[in-house]
Amino acid sequence: MALTILAEQQDGLLILTLNRPDKRNALNTQMYQALTQALQQASQNEAVHVVLLQGQTECFTAGNDLADFMGKTSLEADDPILQFLHTLADFPKPVIAAVAGPAVGIGTTLLLHCDLVYLADNARLQLPFVELGLVPEFASSLLLPRAVGHLKAAELLLLAEAMDAAEALRLGLANRVLAVDELLGFAREQGLKLAAKPPKALQKSKALLKQELRQAVHFVIDIEARAFSQALQGEEAQTRIAHKLGRRG
């Protein structure tokens, strides 16, 4: 079985690549577990100073694997999804995201927890939770309004329309937009540049940047998870997701 998360380490930089291109990198339980394990190990590994998350030039991620999701009845504290959310939110070292193509659902909300975000000019970010009969996750109901203002956050979360890379950059959700063929190389270069800096100073600076909202983020992740679980069991989500999967129900 092919690895769905590829790991490569170079000069203090750990590159984690989503590797399920046949499913547009849709995240399933196995991938969440692998990502959580990789991040937990990286947090303890002094040889890792920075983490880079990326997909391929065609796709970052289509979001959660809906077929995998349909089997869930709730999101408990030990669920691999929640473990990943809390692990990334609490990760002490800088995290860079390199995003090309679709970044759907968690593919967009995880960017709110990264320290540097680079987009290819073909990137499309979308938060389709309401469209699927669900609610926001990964503390996006807290972090998105703070990043872009309430009105724009409401537009993105309630209308669930996709935004292109230029719009994401204008809103302050990305540091830079690059040509598709330049994205991954540039993100690696920036990761190596960051990894060459004093690691303790990097980690302390990140902690200071995030200190105000740290507790609130974890609190809201859990509140959203409870609301998400309730929505997931509801008729709206079951009908919408089944339709999305091409099923009758």
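Against the chain, whose longest principal axis is taken from its Cα atoms, helix 235-244 shows a tilt of about 70°. Tell me, what is the FRET efficiency for residue 67 and residue 147 to the nearest 0.05, using R0 = 41 angstrom and their Cβ-Cβ distance as r? Once rounded, the FRET efficiency stands at 0.85. In this rough spin-label picture, where each label sits 7 Å from Cα along the Cβ direction, the residue 11-residue 189 distance is 1.2 nm. Across every pair of non-identical alpha carbons in the stretch 20-86, the mean reciprocal distance, once inverted, gives a Kirkwood radius of 13.2 Å.
If you take the Cα Rg of the chain and divide it by 2.2 N^0.38 Å, with N the number of residues, what do you get?
Ratio of Cα Rg to 2.2 N^0.38 Å: 0.96.
Using heavy atoms of the protein chains and a probe of 1.4 Å, the accessible area assigned to residue 68 is about 60 Å². Helices in the chain, meaning DSSP H runs of at least 4 residues, each add -39500 (n - 2.57). Divided by all residues, the mean residue ellipticity at 222 nm is -13500 deg cm²/dmol. Suppose we keep just the DSSP beta bridges with both residues in the chain; what percent of those would be antiparallel, to 5? Bridges in the chain are about 30 percent antiparallel. Ordered by 1.4 Å accessible area with all protein chains kept, 164, 22 run largest first as 22, 164.
Counting only heavy atoms of the protein chains and using a 1.4 Å probe, residue 143 has close to 20 Å² of accessible surface. Can you give the % of DSSP beta bridges in the stretch 1-102 that are antiparallel, to the nearest 5? That works out to approximately 40 percent antiparallel. Protein heavy-atom surface of the chain, 1.4 angstrom probe: 51% of the accessible area is carbon and sulfur, with nucleic acids and ligands not counted. Identify which of 95, 51, 180 has the largest mean-square fluctuation in a Gaussian network model of the chain, with springs joining Cα atoms closer than 10 Å. Its mean-square fluctuation being the largest, the pick is 180. Computed over protein heavy atoms with a 1.4 angstrom probe, the accessible surface ordering of 235, 137, 58, largest first, is 235, 58, 137.
3J(HN,Hα) along the stretch 51-57, derived from phi through the Karplus expression 6.51 cos²θ - 1.76 cosθ + 1.60 where θ = phi - 60°, amounts to 10, 10, 9, 8, x, 10, 6 Hz, with x in place of Gly and Pro. Dividing the mean sequence gap of close Cα pairs (under 8 Å, 6+ apart) by how many residues the stretch 1-119 holds gives a relative contact order of 28 percent.
Work through the residues other than residue 132 whose Cβ is under 12 Å from its Cβ and net out their charges, Lys, Arg +1 and Asp, Glu -1. That works out to -1. Among the lysines of the stretch 117-249, pairs that are 8 or more positions apart or on different chains and have alpha carbons within less than 24 Å of each other number 7.
For the chain, report the accessible area per residue in Å² (1.4 Å probe, heavy atoms, rounded to an integer). Present the calculation step by step, with values, prior to reporting the outcome.
Working: 12110 Å² over 249 residues.
With all protein chains present, the chain gives 49 Å² per residue.
At 1.4 Å probe size, what's the solvent-accessible area of residue 32? Round to the nearest 10 Å². About 0 Å², ignoring ligands and nucleic acids.
For residue 178, the residues whose modelled amide H falls within less than 5 Å of its own, excluding neighbours fewer than 5 places apart on the same chain, are 119, 120, 121.
For the stretch 51-94, rounded, prolate or oblate, judged on the Cα gyration tensor with a ≥ b ≥ c (square roots of eigenvalues), a/c < 1.5 rounded, else prolate if a/b > b/c? Oblate. Where in the stretch 90-121 is the amide nitrogen less than 16 Å from a point lying 7 Å along the Cα-to-Cβ axis of residue 166? Residues 119-121 qualify, since their backbone N sits under 16 Å from the label point. Of 193, 206, the residue with the largest accessible area leads and the full order is 193, 206 (1.4 Å probe). For the chain, the longest principal axis of the Cα atoms and the long axis of helix 29-44 meet at an angle of about 30 degrees. The angle separating the long axis of helix 80-89 from the principal Cα axis of greatest extent in the chain is about 40 degrees.
Placing unit charges on the Cβ atoms of the charged side chains and taking the dipole of the chain about its Cα centre, the candidate lying farthest along the positive direction among 159, 100, 40 is 40.
Considering the zone a paramagnetic label at residue 181 would reach in this model (a point 7 Å from Cα along the Cα-to-Cβ line), which residues of the stretch 80-118 have amide N under 18 Å from it? From the stretch 80-118, the list is 100-101.
Site pair residue 239 and residue 200 shows an inter-label distance of 6.0 nm when each label is modelled 7 Å from Cα along Cα→Cβ.
The values are calculated or read from the model by the stated rules, or taken from the named source; none is laboratory data. Keep in mind it's a predicted model, so treat the numbers as computed, not measured. Here Cβ is always computed from backbone atoms with ideal geometry, including for glycine, and neighbour counts include all displayed protein chains. In case anyone asks, the SASA skips ligands and DNA or RNA and just uses the protein heavy atoms, side chains included. Shrake-Rupley method; radii C 1.70, N 1.55, O 1.52, S 1.80 Å.
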